[in-house]
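Participant: Dumping the structure here so I can ask a few things about it.
The values are calculated or read from the model by the stated rules, or taken from the named source; none is laboratory data. Since this is a predicted model, take the numbers as computed values, not measurements. All Cβ positions, even for glycine, are placed from backbone atoms using ideal geometry, and neighbour counts span all protein chains on display.
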Amino acid sequence: MKKVKNTIVKYKLFFILAGLAILLLLPLVITKSVYMRHVCNVLIFATLASSLNIINGYSGQMCLGQAGFFAVGAYTCAILTTNYGWSFWVVWPVAGCLAALMGYLVSLPTLRLQGIYLSFVTLGFSEIIRIIAQTWTPVTGGNMGIKGIPFPIIFGKELFKPHDYYYILLATLLLFLFITSRILRSRIGRAWISIREESNAARSLGVEISRYKSMNFTYGAFWAGMIGAAYAPYVNFVDSSQFSLDTGFDALAMVVIGGQGTLIGPIIGSVVVTVLTESLRFLQYWRFVIYALIIIAMMWVRPQGIAGASNSILAGGKIRRSSRKKAISRNR
Amino acid sequence: MKKITALLLSLVLVLSIFVGCGNQETTSSEDGGQEFKGTIKIGGLAPITGSYAEYGKGFKYAWETAIDEINAAGGANGYKLEIDVQDSEGDAVVSTTLATQFAEDEEIMCILGDFSSTCCLANTDIIERYGIVQFSPTCSSPVFCAESIYNFSINGLTSVEGQFAAKYMVGEYLGGETVVILRADNDWSEATAEPFVEQCAREGIEILADEKYQLDEKDFSSIITKARSLDPDVLIILDQGTAVSAICNACDSVGWDVPRINIGATTSQQVADQLVVKNLLTPASFFFDPENEALENWRVKFREDTGYEPTSHSVQARDTVYLLKQAIEKIGDGEITREAIREGLYCSEMDGFTGKIIFNPEGDITRRAFYICGVGEDSQWYVIEKVEFDPAEF
Amino acid sequence: MEYVVNQIINGICQGAIYALIAIGYSIIVGVVGMVTFTYGEIVMIGAFAAYYTFQLVGTNLVLAILASFAASFIVGGIVYKLCYERFFNSPRHISLLCTIGFSILIKNLAQIIFGPDTKPMINIIENKSYTLEAFGISIVIKQLQIMVLVLVIISSVALTFLFQKTKYGIALRAVSQDKTAAYMVGINVRRTAMVGNCIGCGFGGVAGILLSIYYYSCSPLMGSSFSMKAFSSSVLGGLVDIRMSALGGLCIGIIENMGIMISSATFRDIFAFGFLIIVLIIKPTGFASSGKNRRVKSEKG
Amino acid sequence: MMSKNRADAPVLLEARGVCKYFGGLKAIENVDMTIRKGDVFGIIGPNGAGKTTFFNICTGVFAPTKGEILLHGENIAGLTPEEIARKRMARTFQNIQLFKFMSVLENVQIGCHINTKTRMFDAVFQTKTYKKDEQYIAERSMDILQKIGLEEFAEMKAGNLPYGSQRKVEIARALALDPEILLLDEPAAGMNPNETMELREFILQLNEAGYTIVVIEHDMKFIMNSCNHILVLNFGQKIFEGAPEQVKANHDVQVAYFGKGIIARG
């Protein structure tokens, strides 16, 4: 085991480059655009789940309303590009920032709340966003949604094929991973984790938990908004039913199945869940039954998720006896 | 060690899924020893799970039985038909993914479905790009067929239905002067309410209120109290399914016996069954006529096989297959292509279970007659009056 | 004026329905100490049990109540075994996700077994309404509305009595407040929690019958919207307090109907959630006094 | 020990008439206290005397109902714990509150939080500020671990360490704040006599290194041997404040600790 780990560490750069090369060349291998669409779906959900993981996995707040931020991003993009003719490249960061602003606003009142009360407020927020999208017909198109969202154009090429759009989504995910891993390696990331682990201790060390919690929320919402904005042109139309609580729950399931509090976890989770639900489509209702059974089985067998560490606060882990003994004997 | 176990676990999971993929090919038809010229594959989109599951299952049943019938009778133009029905969940995103899947598969010659206007409209872009027909039994959006030459629908424009209800039902039949509209907040009701309101204005009928409610609304007492305080002559309900009966029952339970007209559910047996007081009128382009023997047999068989009553949606789904068959026959000895099927459907005519179907150049049909139907005490729908009209008069 | 009064009455009746389902919810949350998303499906199971009883033995309300109590009780037991028992010491999100998974499971199994269509439930209880004339205002109340209202009052009083006075109820409360301490004084924590959970579920099942009779129908997907409202009412009442949850349900019902009165029924949920969020911002633990739910509050998500 | 020049040292932390009521319960009633720079200040009292509550008021966990807490003459009563930590007042907890699932090194690194100023922008673009901060954190935390003698456990999960070492990690983490004043809440609780001895030495070392230290402790011997000034609380009230010798001799303190009967007989 250790050997494997050492090899991975030793050739880290090589592995990263090889992985990148595979990802970049993937559209050449997968010729059918149906499969490419599934790959794109994986990327979208991977980023959405990752953005949720920022909130749930790193600062230990329990957000159930990620679909709300996702919707804000998607609708911003849809409205500005379709009705006002803005370029996608301008709208994209704007949508992210608007979602971030929403995240900030939601985080303010929730700072006083803990546990399930906080979860509830995020859940209610998500529903309110959805209902507004559903009822504010002049702006959001109401139940009819917004159709014909223009595809982004790069160097005069319209990116309507999943094969091309893949690169936008891949870039989003990679950018997310790059920026987030840098933040996590700074004092900001450490502050988030310290809040998750033991908020009283964090406060006593001068970590302004309100500020960092709301920064965390804002950051998580920002990425949900970014991927929302990238999602809107990809599906070509948005309507409120795409942002129901179930979308948020799916993202949550992906995060937990993959492993909370790890960067790779939500990505693994979204691969597993998407591949599962897509490939079992022919089973109709039974595929949801299987999906549900897998969620439950996963929680029984590996509550920390596929990639999560068993000895972490997120797994309800206990400190391992063996290593503890080792420490004691070493101390003597 | 644990990590390896986990890795293996996930690997096995993913692998088993791919194995599952491999088994996906399902063949639903048996060769009755007949010689076919070849096989024509059709893609079917229906919400088999989700909130519209009832209709989606009906679609699937109607399509598959119709195709079995056709194949048993020698196929369409000598070709064997095969349908691959996929579950769109009533979710437009899923529907577009599946539509792409069909469109990319060069063996698929035509797409039947989807159920809801939202899904159908969402698919328009894709079918236009790939040049494949999307033939919806029930899409009622007034813009659907105009949006692409590849879009066809046999639902009939809901605008006519609304106008008919305003002029002939509220105006002539009931003689009402004021109405309150209660409707589900969706695109369909939006599209239906507009022509209804316009027609009312022309007929001099006053709209006292136009109340919307959420799609999954259960408790109607508050909007009924609201409507009752305005005291209209007629109550108009624009919705489908159980909400219609729920609204009527809620009216009755507070003892308000205003005449009610429903547009949308047509002569749904489910709605009739669930009414406590049988007080409801509806305009119907289609009627389960017990005297039409073929239709009645079909209905009985449907009920036996699925365990519930068919709605007109399933009958429309059945008719789409026969229209398609007719279009394939029109091609004759020519090559069966997607384009040929579109041309075959263009402006075609047929006598189906749902009456005479004549496509207009846009790919939609216009109704020329409606039945005014009412529920009897035995929970059966009866035709009160058949009204023929000229759509041009609206 | 008459209109306003009638709308308030509507609100109270609607609220009573929310209260009815919220009561079962807060029993479960109180005893198990974890939040559940399966409750709506339990309510649905209860409704279907009653539906099939009516189909098989005819309109016998007592039998139907027994059947749905039993069905929901059993499903509640399964939920307990699958989603709670193992995760008492784990972080909350694990059992939460388990309940979400279980809710997906039941919803889809129900669509397979019962069929996806809506089943009619009519003429079980006579569809009557009373008109009261007072101060020149005529108020219309349905018989069923009165039944629901009475049931809410009786059950919240009875359950409060059960929890405060009986030995078993005290054990339940002890378990709900501190599992370790309850274990130390010799309470069989797992069994008590399980039975408490099952009682809550059984109560949800009975609420399910009333709901389906009240709305004349039951369907496999009926649970989700009610479960959100039960959840809201319960959160408003502080999650574990039965009487406060019932009050929370009433408040949400009234607020919703007031909202509908001044605007449109499409905004129903906005009023409900908006009201709830505002209350939570002002008072982070809902209506209940903050000390009472220290436990629920302090548990880390 | 240092009592001779104590009076000359500047006042660091001062409590004036501090009261804290929980509903009708008077947890702390009118307590005064003066801590001077360079003190090893002890707070003692029987169980339930309000020591930890008083501590929590000083560190901002509770706001006092009445009274003032002055740090360098500036009133800090009612500030949040994180604001007080920024004023270079660090603390440990009675029931150890480590980041159990993080390594010892990471625990200490988080302690460096207030001494760094990396912002989101710096972190993403790895600017000069970020690099300087990270270098500072790395050096500073290893330095502290070395001083405390925990460097060989740097990579170990903090929760895996034995109890005594966990206490040390908590102190190390507090030291990373670079505090002027360090508040230790029952640091010797649960330690064996050997460990307690070590801890005493360690505290005195820290004191010599220039930290002002406040200790809550049950263990009389520990307090008497390490502190130069002691505050005695009982039932939320101050009953005495003075040097260890004076405390030993004080009648009220004896009554509080041993009960009236024993004193009378003795």
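Participant: Can you tell me which of B:Leu98, B:Leu81 is within 23 Å of B:Ala327 (Cβ to Cβ), of a type in the set (A, V, I, L, M) and part of a helix (DSSP H, G or I)? Quick ask: steps written out before the conclusion?
Facilitator: Working: B:Leu81 fails: part of a helix (DSSP H, G or I).
Result: B:Leu98 is the single residue among B:Leu98, B:Leu81 that is within 23 Å of B:Ala327 (Cβ to Cβ), of a type in the set (A, V, I, L, M) and part of a helix (DSSP H, G or I).
Participant: Got at least one residue in the stretch B:296-316 being within 14 Å of another protein chain (Cβ to nearest Cβ), in a helix (DSSP H, G or I), modelled with pLDDT under 85 and more than 18 Å from the chain's Cα centre (by Cα)?
Facilitator: no
Participant: Still on this structure: Under the condition of being among the polar types (S, T, N, Q) and in contact with a Phe, Trp or Tyr (Cβ under 8 Å, 6 or more places away or on another chain), which residue from the stretch C:101-144 is modelled with the lowest pLDDT? Steps first, answer last, please.
Facilitator: Residues of the stretch C:101-144 among the polar types (S, T, N, Q): C:103, C:108, C:111, C:118, C:123, C:127, C:129, C:131, C:138, C:143.
With in contact with a Phe, Trp or Tyr (Cβ under 8 Å, 6 or more places away or on another chain) added as a condition, the list becomes C:103, C:108, C:111, C:143.
On the way: C:Ser103: 93, C:Asn108: 90, C:Gln111: 86, C:Gln143: 79.
Filtering the stretch C:101-144 for residues that are among the polar types (S, T, N, Q) and in contact with a Phe, Trp or Tyr (Cβ under 8 Å, 6 or more places away or on another chain), the one modelled with the lowest pLDDT comes out as C:Gln143.
Participant: A further question on this structure: Looking for something assigned to a helix (DSSP H, G or I), more than 7 Å from every other protein chain (Cβ to nearest Cβ) and basic (Lys, Arg) - is there at least one such residue anywhere in the stretch D:98-120?
Facilitator: no
Participant: Next question. Among the residues of the stretch A:142-167, count how many are surrounded by fewer than 21 Cβ atoms within 10 Å (Cβ to Cβ) and at pLDDT 90 or above.
Facilitator: The qualifying residues number 1.
Participant: Pick from D:Ala154, D:Ala138, D:Ala189: which is away from every other protein chain (no Cβ under 11 Å), under 16 Å from the mean Cα position of the chain (by Cα) and surrounded by fewer than 20 Cβ atoms within 10 Å (Cβ to Cβ)? If you could, list the steps in order and put the result at the bottom.
Facilitator: Values: D:Ala154 fails: under 16 Å from the mean Cα position of the chain (by Cα); D:Ala138 fails: under 16 Å from the mean Cα position of the chain (by Cα).
Selected residue: D:Ala189, the only one of D:Ala154, D:Ala138, D:Ala189 that is away from every other protein chain (no Cβ under 11 Å), under 16 Å from the mean Cα position of the chain (by Cα) and surrounded by fewer than 20 Cβ atoms within 10 Å (Cβ to Cβ).
Participant: Can you tell me how many residues in the stretch A:84-121 are without any contact (Cβ under 8 Å) to a residue 60 or more places away in the chain and within 12 Å of another protein chain (Cβ to nearest Cβ)?
Facilitator: Adding up the residues that qualify gives 12.
Participant: Something else now. Of all residues in the stretch D:46-78, how many are at positive phi and under 16 Å from the mean Cα position of the chain (by Cα)?
Facilitator: First pass over the stretch D:46-78, keeping only residues at positive phi: D:48, D:50, D:60, D:67, D:72-73, D:78.
Applying the additional criterion that residues be under 16 Å from the mean Cα position of the chain (by Cα) yields D:50, D:60.
Summing the residues that are at positive phi and under 16 Å from the mean Cα position of the chain (by Cα) in the stretch D:46-78 gives 2.
Participant: Looking at the stretch A:212-222, can you tell me whether even one residue there is closer than 22 Å to A:Ala46 by Cα, surrounded by 24 or more Cβ atoms within 10 Å (Cβ to Cβ) and among the polar types (S, T, N, Q)?
Facilitator: Looking for residues that are closer than 22 Å to A:Ala46 by Cα, surrounded by 24 or more Cβ atoms within 10 Å (Cβ to Cβ) and among the polar types (S, T, N, Q), one finds at least one in the stretch A:212-222, hence yes.
Participant: Do the conditions hold for B:Glu104, that is, is it of a type in the set (Asp, Glu), under 19 Å from A:Asn41 (Cβ atoms) and within 14 Å of chain A (Cβ to nearest Cβ)?
Facilitator: Against the criterion (of a type in the set (Asp, Glu), under 19 Å from A:Asn41 (Cβ atoms) and within 14 Å of chain A (Cβ to nearest Cβ)), B:Glu104 qualifies.
Participant: Then there's this: Does the stretch A:272-313 hold any residues that are assigned to a loop (DSSP other than H, G, I, E, B) and within 13 Å of chain C (Cβ to nearest Cβ), and which are they?
Facilitator: A:Leu280, A:Gln284, A:Arg302, A:Pro303, A:Gln304, A:Gly305, A:Gly308, A:Ser310, A:Ser312
Participant: Keeping to the stretch B:290-310, report how many residues are more than 19 Å from B:Ile67 (Cα to Cα) and either buried (at least 16 other Cβ atoms within 10 Å of the Cβ) or among the small types (Gly, Ala, Ser) (or both).
Facilitator: 3
Participant: Right, another one. On the given criteria, is D:Gly159 over 30 Å from D:Tyr21 (Cβ atoms) and assigned to a loop (DSSP other than H, G, I, E, B)? Walk me through how you get there before you give the answer.
Facilitator: Values: over 30 Å from D:Tyr21 (Cβ atoms): yes; assigned to a loop (DSSP other than H, G, I, E, B): no.
When the stated conditions are applied, D:Gly159 does not pass them.
Participant: While we're looking at this one, here's another question. I'd like to check something: does the stretch B:327-338 contain any residue that is surrounded by 21 or more Cβ atoms within 10 Å (Cβ to Cβ), away from chain C (no Cβ under 14 Å) and hydroxyl-bearing (Ser, Thr, Tyr)?
Facilitator: The answer is no, given that none of the residues of the stretch B:327-338 is surrounded by 21 or more Cβ atoms within 10 Å (Cβ to Cβ), away from chain C (no Cβ under 14 Å) and hydroxyl-bearing (Ser, Thr, Tyr).
Participant: Is there a residue being more than 10 Å from every other protein chain (Cβ to nearest Cβ), modelled with pLDDT of 85 or more and under 15 Å from D:Ala174 (Cβ atoms) anywhere in the stretch D:122-129?
Facilitator: No, the conditions are met nowhere in the stretch D:122-129.
Participant: Let me ask something additional. Is it true that A:Thr218 is more than 9 Å from every other protein chain (Cβ to nearest Cβ) and either in a loop (DSSP other than H, G, I, E, B) or closer than 19 Å to A:Leu105 by Cα (or both)?
Facilitator: yes
Participant: Out of C:Ala230, C:Ala288, report the one residue that is outside any strand (DSSP E or B), in contact with an Asp or Glu (Cβ under 7 Å, 6 or more places away or on another chain) and either buried (at least 20 other Cβ atoms within 10 Å of the Cβ) or at pLDDT 85 or above (or both).
Facilitator: Numbers: C:Ala230 fails: in contact with an Asp or Glu (Cβ under 7 Å, 6 or more places away or on another chain).
Every option except C:Ala288 fails the conditions.
Participant: From the list B:Leu275, B:Leu324, which residue is within 14 Å of chain C (Cβ to nearest Cβ) and either modelled with pLDDT under 90 or within 30 Å of C:Gln111 (Cβ to Cβ) (or both)? It would help to see each step written out before you state the result.
Facilitator: Numbers: B:Leu324 fails: within 14 Å of chain C (Cβ to nearest Cβ).
On inspection, the qualifying residue turns out to be B:Leu275.
Participant: Which number in (1) in contact (Cβ under 8 Å) with a residue 12 or more places away in the chain; (2) in a helix (DSSP H, G or I); (3) more than 9 Å from every other protein chain (Cβ to nearest Cβ); (4) surrounded by fewer than 19 Cβ atoms within 10 Å (Cβ to Cβ) marks the one condition that D:Gln94 misses?
Facilitator: (2)
Participant: Follow-up. Here is a list of conditions, (1) over 20 Å from A:Gly220 (Cα atoms); (2) touching a strand residue (DSSP E or B) at 6+ places or on another chain (Cβ under 8 Å), and A:Tyr75 meets all of them except one; can you say which number that is?
Facilitator: So A:Tyr75 meets the others, but not (1).
Participant: Taking only the stretch D:161-217 into account, find how many residues are more than 16 Å from D:Gly111 (Cβ to Cβ) and of a type in the set (Phe, Trp, Tyr).
Facilitator: 2
Participant: Let me ask something else about it. Does the stretch C:266-273 contain at least one residue that is of a type in the set (Lys, Arg) and closer than 23 Å to B:Ala243 by Cβ? Walk me through how you get there before you give the answer.
Facilitator: Our first condition is that a residue be of a type in the set (Lys, Arg); within the stretch C:266-273, this holds for C:268.
Within this subset, residues satisfying the condition of being closer than 23 Å to B:Ala243 by Cβ are C:268.
Yes.
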